[in-house]
1. Look through the range 1-33, keep the residues that are aliphatic (A, V, I, L, M) and not in a strand (DSSP E or B), and return whichever of them is most open to solvent (accessible area, probe 1.4 Å).
2. Find all pairs meeting these conditions: Cβ atoms under 7 angstrom apart; at least six residues apart or on different chains; first residue within the range 8-29 and on the phi > 0 side of the Ramachandran plot; second residue surrounded by 13 or more Cβ atoms within 10 Å (Cβ to Cβ) and charged (D, E, K, R).
3. Tell me which of these Ile145 doesn't satisfy, since it passes every other one: (1) open to solvent by 40 Å² or more (accessible area, probe 1.4 Å); (2) under 26 Å from Glu46 (Cα atoms).
4. Looking at Trp140, Trp125 in this structure, which one is free of Cβ contacts under 8 Å to residues at least 60 places away in the same chain, in contact with a Leu (Cβ under 6 Å, 6 or more places away or on another chain) and within 22 Å of Glu46 (Cβ to Cβ)?
5. Does Asn110 satisfy the criteria of being open to solvent by less than 30 Å² (accessible area, probe 1.4 Å) and either out of contact with any Ser or Thr (no Cβ under 6 Å at 6 or more places or on another chain) or modelled with pLDDT of 95 or more (or both)?
6. I'd like the full set of residues that are under 13 Å from the mean Cα position of the chain (by Cα) and more than 13 Å from Ser103 (Cα to Cα), limited to the range 15-43.
7. Given the residues Ile90, Ile127, Ile98, which is the only one that is aliphatic (A, V, I, L, M) and open to solvent by 10 Å² or more (accessible area, probe 1.4 Å)?
8. Can you tell me which residue in the range 34-80 is modelled with the lowest pLDDT, limited to those that are in a loop (DSSP other than H, G, I, E, B) and among the polar types (S, T, N, Q)?
Amino acid sequence: GIRVGICDLEGNYFGDFGAYGRAPGEFIWPTSLAFDSQNRLYLADEYNQRITIYDTDGKYLTHWGIPGKKDGEFNGPSALAFDTQDDLYITDHRNHRIQKFTSDGRFLLNWGEYGHGKGQLNLPWGITIAKDRTVYVADWRNNRIQQFSGNGDFISSLAGKTGSTKSQFNRPASVAVDSEDY
């Protein structure tokens, strides 16, 4: 079956939780996990088009999200990241956009549309937020990393050419920022 395993960095195993399905607390295609400031675990489920929230013991708390293209709806939630204000950013993969919510699921805003220009996205997948609330998005099919403000204003784009040499990407699926915001 499908589950989330709980272990520490030394490899000590503490159990698991979750089950395959559509019922509350279950998931089918989990794509990302993130913790909020209260250590609640958020799980993106691409198949069920929702975000499910668990406590630190893996106990189901709640979920939200429905399939669609309107504000707050999903078509492939793929990656999750919290900013310092506990707002949750979600890459809405097949809607070619980023959505921003409060930690309790209240829709705040979204940005992005299908395309190849500045600020446009083509199947975005990974996301991370720097301490200064700059949002970095792995723009998967455009072979680049894009940088946005916390409100979705385009800042810059890194790479954009397909390849495996320096300064090129081949379908970037994730992005990370270190403690120095690099």
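The values are calculated or read from the model by the stated rules, or taken from the named source; none is laboratory data. Just so you know, these numbers come straight off a predicted model, no measurement behind them. As a convention, Cβ positions derive from the backbone with ideal geometry for all residues, glycine included, and neighbour counts pool all protein chains shown. Ligands, DNA and RNA are excluded from the accessible area calculation, which covers all protein heavy atoms including side chains. Shrake-Rupley method; radii C 1.70, N 1.55, O 1.52, S 1.80 Å.
1. Leu9
2. Close Cβ pairs satisfying both conditions: Gly18/Arg3; Gly18/Glu26.
3. Condition (1) is where Ile145 drops out.
4. Trp140 is the lone residue from the list that is free of Cβ contacts under 8 Å to residues at least 60 places away in the same chain, in contact with a Leu (Cβ under 6 Å, 6 or more places away or on another chain) and within 22 Å of Glu46 (Cβ to Cβ).
5. No.
6. Pro30, Thr31, Ser32, Leu33
7. Ile127
8. If we take residues in the range 34-80 being in a loop (DSSP other than H, G, I, E, B) and among the polar types (S, T, N, Q), then Thr56 is modelled with the lowest pLDDT.
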